[in-house]
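Worksheet: the structure to be examined is printed underneath.
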Amino acid sequence: MLDDPHSELLSDLHSESEELDRLVAPLEPGRWLLATPSPGWSLAHQIAHLTWTDSAALLAVTDPGAFAAESDKARAAPDTFVDEGAAAGAALPPAELLARWRDGRARLHL
């Protein structure tokens, strides 16, 4: 049986996500507001973006029609779609955002 050519990549992604989780999980809620090198984005925005990306990837493989609708929204607002999604997630309490990110990662890892 041939090895899955994506297994190493997926393993690396899983490991990196776990490492990032270990770094952000113990942070006090106020630290989630710290700025990152991405202009206008806090740590919460970055985690929210990862959460959204995982959700979009899962949607793409489980519900192509819903993914197409999300893609249409992105095409309609190419300059703001990503920032708006990150801002919506960043507005969540850090514990809820972290839980959503973990849930999405777990569902994708199956």
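Since every read-out is calculated from the coordinates, none of them should be taken as a lab result. None of the values given here were measured: they were computed from a predicted structure. All Cβ positions, glycine included, derive from the backbone under ideal geometry; neighbour counts span all protein chains shown.
Residues in the stretch 59-83 that are surrounded by 13 or more Cβ atoms within 10 Å (Cβ to Cβ) and not hydrophobic (A, V, I, L, M, F, W, C): Glu70, Ser71, Asp83.
Cβ-Cβ contacts under 8 Å between residues 6 or more apart (or on different chains), taken from a first residue in the stretch 66-79 that is more than 13 Å from Ala56 (Cβ to Cβ) to a second residue that is in a helix (DSSP H, G or I), are listed as Ala77/Glu84. The single residue among Arg31, Arg107 that is surrounded by 12 or more Cβ atoms within 10 Å (Cβ to Cβ) and in contact (Cβ under 8 Å) with a residue 24 or more places away in the chain turns out to be Arg107.
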